[in-house]
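Working notes, structure below.
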């Protein structure tokens, strides 16, 4: 896809690249502060999981838009051993050490949409999305549409 | 060099120059642990201004530094957290104690002095 | 295969974040929905009459557009007459109406002919930008577009009245296109109005969250009025920026002027206080009404991070103590 950016994750040095690319795309797409930082932080967490648990994988960044919104989709793919207990991985622990230390609950808190698919055969795919309304008008339109 | 460390009397000042890889973060932690072991220090100031992202890994490392330093009687203060980074850390719900924070180096040094004074007053 | 679709659902979510990601893929084109069924219907009927000699819908459309273009002067006159009879656009002079009418007519023809509303949307927006400051209302804009529609329809009746079958097919082509045009113009006008209103609201909002420097290193942020998520976000940015620029160590947030806050905003406030702490500033929250205090308790909002003082005066005194302007209290907590 045209505007897609892919970052190979082979080691922890690639996390620096992934963070930088994530921030760059977010700023390019027009996300206001602090969103680029939130996005880069979430990327950092899920990219690290690739290094720690699968050894290598890829981070894919793509813009997305619809009638009222613009945003970014971040996908982290690896062919590692998978997460056995997905529920635990996503669980929000009061102590803050929850989520099996994978940083997933935290990443989820920074983004708007969050999907996780994981199994031993094919590995893990995390898809996260952050978006904004184009403007106040678009937000109103969306609220009306939902009968808010 | 990714981190510049200098010693000002009994205070260590570590200035992070750019975004660090996890390996570099661990190196920093080890370096500071060594220095804290080698010298009699009363404080460490870590300037994280160059970090655009402070995630769970960095936070854990900072916590470890704080605890290690404390065992040797030194207080660690983190300075230079940018507004957006502060928001990200808070929204992430990172466990932030026992981190001590100040706005910048001057503030941190003043804080260490106050602590020192109080310690002297208590006869400690 | 373990699959988890986990959408944010906590109190932190603001109005924007209500949907699951499947909604993100849905596209809404309100302007297309209006004309869908008539077009589908006319296409069906066209198929039924495939035996007849005269060309398909497209040819008919071209034919009627050509006819309407030929009679442009006359029809524009009739339209202007209808506008005047209906007493619309009284804020505009005859010359203005004439020149705008000509442009509208030509754009109308283009839209009919090409079926594309993009140019029409652009034109309608520009037109709206011009006439809104003049005081033209929504009913007038819709009114004149419909009057044009009527004038053109009448002339089509006159032209094709001999052949009812053909007239029906002509109208089958004309109506959905004309309706789409009316909707497009109306919607563009309304959107332009809303855009102007919201621009003004934004400007007001920015002016109404000032961060003031009370003393060296001491900031005060008095919040007045409605505190919604968007404003809360703006507030956070302004406050944190001010803390950095002023090297503030203490911040007083006064919410005396805020009537109610919901869970989302309450949490946002707490996060702002926590973020301020990460920048080396402690926060004092003042002016909590009993209502808001109760709300915060009910919501289970964690207030342990900040000091709260009922009145602003007390809060300011506490702030000055914290900032070192008064004798420090026995328990001096730094950060």
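Read the figures in this text as sums done on the coordinates, not as results from a lab. Note that the structure is a prediction, hence the values are computed from the model and not measured. Positions of Cβ are backbone-derived with ideal geometry, glycine not excepted, and every protein chain shown enters the neighbour counts.
Averaging the inverse of every distinct alpha carbon separation and then flipping it gives the Kirkwood radius. What is it for region A:6-91, in angstrom units?
Values: mean 1/r = 0.0741 Å⁻¹.
About 13.5 Å for region A:6-91.
May I ask you to list the residues of region C:249-263 whose amide nitrogen lies under 13 Å from a point 7 Å from Cα along the Cα→beta-carbon direction of residue C:298? Counting backbone N atoms under 13 Å from the label point, the list is C:260-263.
Take the Cα of residue B:115, go 7 Å toward its beta carbon, and the backbone nitrogen atoms of region B:11-35 under 13 Å from that spot belong to B:11-13.
For region C:212-322, what does the alpha-carbon gyration tensor say about shape, rounded, prolate or oblate, given a ≥ b ≥ c as the root eigenvalues, a/c under 1.5 as rounded, and a/b over b/c as prolate? Can you show the working numbers first?
On the way: a/c = 1.63, a/b = 1.34, b/c = 1.22.
Judged from the Cα gyration tensor, region C:212-322 comes out prolate (a/c at least 1.5, a/b above b/c).
Counting only helical runs of four or more DSSP H residues, what would the 222 nm mean residue ellipticity of chain A come to if each run contributes -39,500 (n - 2.57) and the total is spread over all its residues?
Details: 5 runs with 54 residues, N = 148.
Dividing the helical sum by the residues of chain A leaves -11000 deg cm²/dmol.
Between the Cα long axis of helix B:83-92 and the first principal axis of chain B there is an angle of about 80°, rounded to the nearest 10.
When only alpha carbons are used to place a centre, region C:60-127 and region C:211-236 end up 50 Å from one another. Once the Cβ-Cβ distance of residue C:203 and residue A:145 is raised to the sixth power relative to R0 = 35 Å, the FRET efficiency obtained is 0.85.
Under the √(5λ) rule applied to the eigenvalues of the Cα gyration tensor, what semi-axes describe the equivalent ellipsoid of chain A? Give them in Å, descending. Working shown, then result.
Numbers: eigenvalues 147, 67, 38 Å².
Over the Cα atoms of chain A, the ellipsoid semi-axes are 27, 18, 14 Å.
Helix B:56-71 against the longest principal axis of chain B: what's the angle in degrees, Cα atoms only, rounded to the nearest 10? Value to nearest ten degrees: 10.
How would C:98, B:57 line up from fewest to most surrounding beta-carbon atoms within 10 angstrom?
Fewest-to-most Cβ neighbours within 10 Å comes out as C:98, B:57.
Any chance you could check the Cα centroid distance between region C:154-195 and region C:239-270 for me, in angstrom? About 54 Å separates the Cα centre of region C:154-195 from the one of region C:239-270. A full extension of the chain between residue C:62 and residue C:109 corresponds to an added length of 15.9 nm, given 0.36 nm per residue minus the alpha carbon distance. Using Cα atoms only, what is the angle between the long axis of helix B:105-121 and the major principal axis of chain B, expressed in degrees (0 to 90) to the nearest 10? Around 30 degrees separate the two axes. Taking region C:181-195 and a reference point 7 angstrom along Cα→Cβ of residue A:3, no backbone N atom is nearer than 18 Å. The calculated FRET efficiency for the pair residue A:27 and residue C:94, based on their C-beta separation and a Förster distance of 60 Å, comes to about 0.70.
According to the Cα gyration tensor, what semi-axes, each the square root of 5 times an eigenvalue, does the equivalent ellipsoid of chain B have, listed from largest to smallest in whole Å?
Details: eigenvalues 107, 55, 35 Å².
After diagonalising the Cα gyration tensor, the semi-axes are 23, 17, 13 Å.
Inter-label distance, residue C:73 to residue B:72: 9.7 nm, where each label sits 7 Å from its Cα along the C-beta direction. Sorted from longest to shortest, the spans of the Cα atoms of region B:35-102 along the three principal axes equal 36, 19, 16 Å.
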